[in-house]
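Participant: Dropping a structure here in structure tokens format, bear with me for questions.
Nothing in this text is a laboratory measurement; each read-out follows from the coordinates by a stated rule. Just so it is clear, the structure is predicted and the values come from calculations on it, not from any experiment. Neighbour counts are summed over all protein chains in view; Cβ atoms, including those assigned to glycine, are modelled from backbone coordinates with ideal geometry.
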């Protein structure tokens, strides 16, 4: 029985699982999105989100260095830690949590494993641009309102012309 066992072991030993999650986390930080199995993506989410939160706690120089060392102990990759603190941290500074998004991609052909894409939310240009473009024109153009104004302007001009003609007669 697995009562109270919350960690997904991914059918691996502790050392193998740690190495797997380190590699996946480094690749996610480097490429901003990766495709893997759904189980690995869910395990990676619980692994990387606390690390991203640690990058935001930077009040003093000593605290910054301490957080660098803590994150490096999880990732063991200087380039990934540097990228995390210099590129990712400023983008997620205002976000209270939920730094990753998991999208299901369907079953893999060979072994029918459920695939998923895990990505950093603030680095997806498609969703960011789509919302901005859709929001801006929706506020500007209201076709029903625009047609009424043109029709009203068209009605007032002929009415003004007809009153001027009546006054002239």
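Participant: Want the number for residue 83 to residue 69: 0.36 nm per residue separation, take away the alpha-carbon distance, what's left?
Facilitator: Stretched fully, the residue 83-residue 69 segment lengthens by 3.6 nm.
Participant: Mind checking the full-extension length gain between residue 58 and residue 102? Use 0.36 nm per residue of separation minus the Cα-Cα distance, one decimal, nm.
Facilitator: Result: 13.1 nm gained on full extension.
Participant: Extending each Cα 7 Å along its Cβ direction at residue 39 and residue 114, get the distance between those two points in nm, one decimal.
Facilitator: 1.1 nm
Participant: How many nm is it between the label spots at residue 6 and residue 125, if each spot is 7 Å from the Cα in line with the beta carbon?
Facilitator: Each label point lies 7 Å from its Cα, and together they span 3.8 nm.
Participant: Further question: Just the ratio, please: alpha-carbon radius of gyration of segment 1-123 over 2.2 N^0.38 Å, N its number of residues.
Facilitator: That ratio works out to 1.11.
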